[in-house]
1. Take the residues in the range 29-53 that are surrounded by 11 or more Cβ atoms within 10 Å (Cβ to Cβ) and among the charged types (D, E, K, R); name whichever of them is modelled with the lowest pLDDT.
2. With the requirement that a residue be over 13 Å from Leu65 (Cα atoms), in contact with a Leu (Cβ under 9 Å, 6 or more places away or on another chain) and part of a loop (DSSP other than H, G, I, E, B), what does the range 84-113 give you?
3. Residues of the range 61-115 being out of contact with any Gly (no Cβ under 7 Å at 6 or more places or on another chain) and of a type in the set (Phe, Trp, Tyr), which ones?
4. Does Gly118 satisfy the criteria of being more than 13 Å from the chain's Cα centre (by Cα) and either among the β-branched types (Val, Ile, Thr) or within 20 Å of Ala25 (Cα to Cα) (or both)?
5. When you look at Arg85, is it closer than 22 Å to Ala132 by Cα, of a type in the set (Lys, Arg) and buried (at least 17 other Cβ atoms within 10 Å of the Cβ), yes or no?
6. Could you run through the range 70-83 and say how many residues are part of a loop (DSSP other than H, G, I, E, B) and in contact (Cβ under 8 Å) with a residue 12 or more places away in the chain?
7. Condition check: at positive phi, of a type outside the set (Val, Ile, Thr) and surrounded by 13 or more Cβ atoms within 10 Å (Cβ to Cβ). Does Gly96 satisfy that?
8. For the range 51-95, name all the residues that are of a type in the set (A, V, I, L, M), within 25 Å of Pro117 (Cβ to Cβ) and in contact with a strand residue (DSSP E or B) (Cβ under 6 Å, 6 or more places away or on another chain).
Amino acid sequence: MRVHLKLVIDCDADAAWRALHSPRAVAELYGPFLALEPLAAEGLPTTLEAGADVPVRLRALGASLGAQLIHISDRRVDDAHGPVRIMRDSGIPLTGPLAALDVWDHQLAVAPAPGDPGRTLWRERLVIGGAAAPAFWPVLWGVWQWRAARIRALAPTWAHDPESAG
C-alpha cells in the first residue's frame, strides 16, 4: 500500500535537501502531535548521513508509539527538468503498533521546481506492507496530509540566508 505527496514548496532544492537530512527539521514536520526522541545515549545526530542507522522513539501526545530504526540512503538521478536528489529511509518500526508492518519504505525526492528554481518540487512515497497495512493506511494517509501542511509552512524557514524584509 502506498501514500504519495507531491507539492511545490517555498525554498530552494538545496535548503530542502538539508532539511531532509536534519533530524530536528524532520521532527518539526510531525509537531506538535508527534515527537521523535533519540534512543542512543549520545542523542540524535545533527545530520542523517547515508548508511547510518538511527534508532528513535515516536511519541504521540506523550504516549510512546514504539521504536523505529531510520536507515538512510541517498542517490541522484536526472529527469527531463534536471537533477533530482532522493533520500530513502528503509528502516523499520521495531516496537509498538507500527511493528505489525512487514514493509516500510519511505522515499523523498527534491528538485528545483520546473520554471521556478527558487522553489522546490517535493515528492514522497511511503510503501507499507503486511497483513496490518490496510488498517494502518488510512491513519498514515492522514499523517501524511498533516506532513504536507507542515512542509509548506516550514519550508521558508529552511534557507540558510533568508531574504531580508528591507
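1. Glu37
2. Once the filter is applied, which keeps residues that are over 13 Å from Leu65 (Cα atoms), in contact with a Leu (Cβ under 9 Å, 6 or more places away or on another chain) and part of a loop (DSSP other than H, G, I, E, B), the range 84-113 yields only Gly91.
3. Passing the criteria: none in range.
4. yes
5. Details: closer than 22 Å to Ala132 by Cα: no; of a type in the set (Lys, Arg): yes; buried (at least 17 other Cβ atoms within 10 Å of the Cβ): yes.
Criteria not met by Arg85.
6. Here is the first cut: in the range 70-83, the residues part of a loop (DSSP other than H, G, I, E, B) are 80-81.
From what is left, the residues that are in contact (Cβ under 8 Å) with a residue 12 or more places away in the chain are 81.
Counting residues in the range 70-83 that are part of a loop (DSSP other than H, G, I, E, B) and in contact (Cβ under 8 Å) with a residue 12 or more places away in the chain gives 1.
7. On the way: at positive phi: yes; of a type outside the set (Val, Ile, Thr): yes; surrounded by 13 or more Cβ atoms within 10 Å (Cβ to Cβ): yes.
Answer is yes for this residue.
8. Here is the first cut: in the range 51-95, the ones of a type in the set (A, V, I, L, M) are 52, 54, 56, 58, 60-61, 63, 65, 67, 69-70, 72, 77, 80, 84, 86-87, 92, 94.
Still in the list and also within 25 Å of Pro117 (Cβ to Cβ): 77, 80, 84, 86-87.
Within the range 51-95, Val77, Val84, Ile86, Met87 meet the criteria.
The values are calculated or read from the model by the stated rules, or taken from the named source; none is laboratory data. Remember, predicted model here, so these are calculated numbers, not experimental data. As a convention, Cβ positions derive from the backbone with ideal geometry for all residues, glycine included, and neighbour counts pool all protein chains shown.
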